[in-house]
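J.: Here's a structure for you.
Only the coordinates and a few stated rules stand behind these numbers; no lab work does. A quick note: this is a predicted structure, and the numbers were derived from the prediction, not measured. Neighbour counts are summed over all protein chains in view; Cβ atoms, including those assigned to glycine, are modelled from backbone coordinates with ideal geometry.
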Amino acid sequence: MNWIEIWKWVLLLAMVSFALLAVVITIRGALDLGEMFRRLKK
Amino acid sequence: MPPVRHPHRPPAANPVLGPSSLVSTRGDGPKAAGFPGSPPPFRSLRSLKGGAPPRGTEERRQTGLIHSFTRSLFHDTPLLDTRSPARDCLHMPPGLETNFTGLDWGIVVAYLLVVTVVGFYANRYIGDMADYLVAGRTLRSGLAIATMIGSELGLVTIVYAGEKGFTGGLAALHIGVLAGFVTLLVGLSGFLVVPLRRAGVCTIPEYYEMRFGRGVRVLGGIILALAGILNMGLFLVAGAKFITFLTGIHDPNLLNWVMTILLVLVLLYTVLGGMVSVVVTDYLQFVVLAVGLLASCWLAYQQLGWEQIAGAVQTIHGDGGSDPLAGYGPGYVIWTMFVAGLVSCAVWPTAAMRACSVESEQAVRRLYIWSSIGFLIRWALPVFLGVCALAWIEGRTDLHEMFLPAGKTAYSQQAVPAYLAQLLPAGLIGLVAAGMLAAFMSTHDSYLLCWSAVLTQDVVAPLLGDRLSTPGRLLLTRVFILLIGGFLLVWGLWYPLKADLWDYMAVTGSVYFTGAFVLLLAGLYWNGASRVGAYLTLLCGGLMLLTLQDTPMRAWVDLVLARGGYQLKDEHLGLLTTILCLLAMVFGSLLFPDRRRREAEA
């Protein structure tokens, strides 16, 4: 496998993992945001 | 195999810094020629007098170095020149179209209004200094990851990473791979960040005091604030270049005002809301930018296809465009691993502050393990867009004169926004612009809060013997935020920089992190580390300031090395300084151990 092929797979892996991470973090982040404000209110 | 038009060796890169950055005004384009219809490029008084140094032979090259040395002693450029390179490069050239419409401006304005209102709203939740600086340490890992990525994936990051893709080809992806890999290792091992969180500090200099004493904290705080504020001094210009080419704003003065208003908005909500508003706005920015970046990459891939992208890289950069060892060299790769990896995620204070903000040590590990994807992405996606811009420009012969004159890359910071401006459809380009502007604001709010906190907590408060009350500290931090904001306006937009921007940023960043890395390493893991060793280490790191391009010291070093046939590279300089800091810590601590520790051992 040459460098061009390696970078192709690295990019694919990076984009897929980032897409999945973005979905998970968007949902969990929203929940955590609510929790943070609840704690700060106390 | 197609002929290699020019085996390109890109300039040394700085990493971090968030705004870390590779923004180079000197290598920014054929300014001697300028755009058709653009104002005449900036020239120094000496060159106007016909005093340009001769070039060619070794003797003439050394004459040029001596000329540079003497020029640095006797500044021959005016302090404020509206024809300076920094402003000249903001001009939009003819022939570049943009899909940016009124609808997109509407999206941008609506988004910025929402972010600003939320930032103001966060002010209601500020009770004490811990709420203001580290959001009361209430961040759970999901939100911490979003804000860590949101903060580190700034507009400036996209500018310099995109530039790397354009000037270095696919080989520049190695920076992202190494950054992600090192961050993952830090998360798995807890190296530096877990013991730092355990120490319960708000800032890194606070740890200096805990471990080495108050004097080290004050000196470390001064060096950190100096390096950090100078380092972010050029973010506005980099952001301005991007926005000009994305939106098609032709008037550089109008753009200056747009960026000024944005900065004022950031200042207002950071002053009022502190870390709480930073967290909320970073989260929103993460969501918008994630959608925008992924959509941009997908559309670029659909438009060009992998074969065209790979072919353009091979044509322009040759084998060095895909093989990092051939394109950049082993020294650069090691420097990248250190700076884009370890320093970016664990030593640079904006990232370390996130580690100090999370609720537990376990959350710190989770934060770094998952953020490793973010550290990979913040390089990989913009680099890919830079490579796509290269492939697109390679197919547009009418743009070669500007971006690929004589087969060499030029105006490299503007290539990605110029490409996105014609790639993205109306509506999506507004969303991306909003995300980019949010990224711009998010980086600024994080950095403003960080440097002002350092000045208050680590310089002024210790010097006053901790007589400063909590309301007094909050007020002082807010005053520092405004002062730094004022400095950024003058330095970044209205002040023409003479030095190469990349070298400037590399040196300013490493002034802090070469010493800080050694101090943290020795302080956290070596009982024998002493106060004298810490002072020596900080001072050795500060030596990097002398190596700034265009300073007498750097010109002298270059001259001496040139006589021996050597050329000084920034990555070698950075690695050597780090080794020097390590030696200073070891010998300083062994020769002058702390009295208390010595008595305890006895």
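J.: In square nanometres, what is the average projected area of the Cα convex hull of segment B:151-241?
T.: For the Cα atoms of segment B:151-241, the hull's average projected area reads 7.6 nm².
J.: May I ask for the distance between the Cα centers of segment B:384-449 and segment B:145-167, given as a whole number of Å?
T.: Taking the Cα centre of segment B:145-167 as reference, the centre of segment B:384-449 is 12 Å away.
J.: Once R0 is set to 30 Å, what does the formula 1/(1 + (r/R0)^6) return for the Cβ-Cβ distance between A:Thr26 and B:Tyr525, expressed as a FRET efficiency to the nearest 0.05? Walk me through the numbers before you get to the answer.
T.: Numbers: r = 37 Å, r/R0 = 1.23.
That pair, A:Thr26 with B:Tyr525, gives E of 0.20.
J.: Relative to the first principal axis of the alpha-carbon coordinates of chain A, what is the inclination of helix A:3-41, with its axis defined by its Cα atoms, in degrees from 0 to 90 and to the nearest 10?
T.: The helix A:3-41 is inclined about 0 degrees to chain A.
J.: Same structure, new question: Once each part is reduced to its C-alpha centroid, what is the distance from segment B:217-260 to segment B:520-595 in angstrom?
T.: So the separation of the two Cα centres works out to 28 Å.
J.: What is the local net charge at B:Leu576, summed over the other residues whose Cβ is closer than 15 Å to its Cβ (Lys, Arg +1; Asp, Glu -1)?
T.: Values: positive: B:Arg554, B:Lys569; negative: B:Asp558, B:Asp570, B:Glu571.
It works out to a net charge of -1.
J.: Taking θ as phi - 60°, what are the ³J(HN,Hα) couplings along segment B:105-113 by the Karplus curve (6.51, -1.76, 1.60), each to the nearest whole Hz, with x for Gly and Pro?
T.: Each residue's phi maps through the Karplus curve to give 4, x, 4, 4, 5, 4, 5, 5, 5 Hz.
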